[in-house]
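Asker: Quick one: the structure is below, questions incoming.
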Amino acid sequence: MTALYIIMLTIFVGYISWIWARYGVLPSISHSYYSLPDNLKFIFTLWSWGYAIPAIIVASTPLMFFAGAGICFVGAAAAYREKMTETVHIIGAACAIIFSQLSIIIDFDMWYVTVAFAAIALPLALTRFSKKGICPNRTWWVEILAFITIALVLGIKLWS
């Protein structure tokens, strides 16, 4: 399990660091799919699956399975600007965040992690509906935070 967790973290940090170094902070992590040249777009899907599948196995809970499945759907429907994949991508992303946070609360009894996530993410998300946002690229940061909460909880699970 530890090896899978390390693989999951390495894939996450490696991809995000590479994208950040190459393109800067983007509007969302999914936007990186469109920033990549055509011959490298598949890397976004591999990144999604490379994070989600180990997370599903390490967590071994039904709710985290659905969270990971949501992340996998995001990777499978990477071209979110196309009508055919847009709905799958958006529903996958929403399920990933909702089910991961439910898993953190119910399966791992770490409600305080979700409270901290909500305290940071909700104000960022709500600025989307105002004319002046407090944080550019807020979706990127909410997604980063959501992935970090999953990794944090799974790391605590492994080493406790």
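The values are calculated or read from the model by the stated rules, or taken from the named source; none is laboratory data. This structure is a prediction, so every number in the text was calculated from the model and none was measured. We place every Cβ from the backbone using ideal geometry, glycine too, and count neighbours over all the protein chains shown. Heads up: the accessible areas ignore ligands, DNA and RNA and are worked out on the full protein's heavy atoms, side chains in. Shrake-Rupley method; radii C 1.70, N 1.55, O 1.52, S 1.80 Å.
Asker: Could you please put M84, M8 in sequence from largest to smallest accessible area, using a 1.4 Å probe?
Answerer: Most to least solvent-accessible, the answer reads M84, M8.
Asker: With +1 on each Lys and Arg Cβ and -1 on each Asp and Glu Cβ, how big is the dipole of segment 35-118 about its Cα centre, in debye rounded to the nearest 20?
Answerer: The calculated dipole for segment 35-118 is roughly 180 debye.
Asker: Among the trypsin sites (Lys or Arg not before Pro) in segment 67-160, which ones are in a DSSP loop with at most 10 other Cβ atoms within 10 Å of the Cβ? Mind listing them?
Answerer: Within segment 67-160, the qualifying trypsin sites (Lys or Arg not before Pro) (loop, at most 10 other Cβ atoms within 10 Å) are K131, K132.
Asker: Hey, another quick one. In a Gaussian network model over the chain where Cα atoms closer than 10 Å are linked, find which of G68, G92, G24 has the largest mean-square fluctuation.
Answerer: Comparing G68, G92, G24 in the GNM, the peak value goes to G24.
Asker: Just want to confirm a number: the relative contact order over segment 51-160, from Cα pairs under 8 angstrom separated by 6+ residues, in percent.
Answerer: About 23 percent, as a whole number.
Asker: Considering Cα pairs under 8 angstrom that are at least six residues apart, work out the relative contact order of segment 1-125 and quote it in whole percent.
Answerer: 21 percent.
Asker: Rounded to whole Å, give me the distance from the Cα center of segment 1-65 to that of segment 83-160.
Answerer: Between the Cα centres of segment 1-65 and segment 83-160 lies a distance of 15 Å.
Asker: Oh, and also: Within segment 60-160, which chymotrypsin sites (Phe, Trp or Tyr not before Pro) sit in a loop by DSSP and count at most 16 neighbouring Cβ atoms inside 10 Å?
Answerer: W159
Asker: Please find, in a Gaussian network model of the chain (springs between Cα atoms separated by less than 10 Å), the residue of I71, I16, I106 whose mean-square fluctuation is greatest.
Answerer: I106
Asker: Any idea what log10 I(q)/I(0) is at q = 0.19 Å⁻¹ for the chain, Debye with uniform C-alpha scatterers and no solvent?
Answerer: Ignoring solvent entirely, the Cα scatterers give -1.28.
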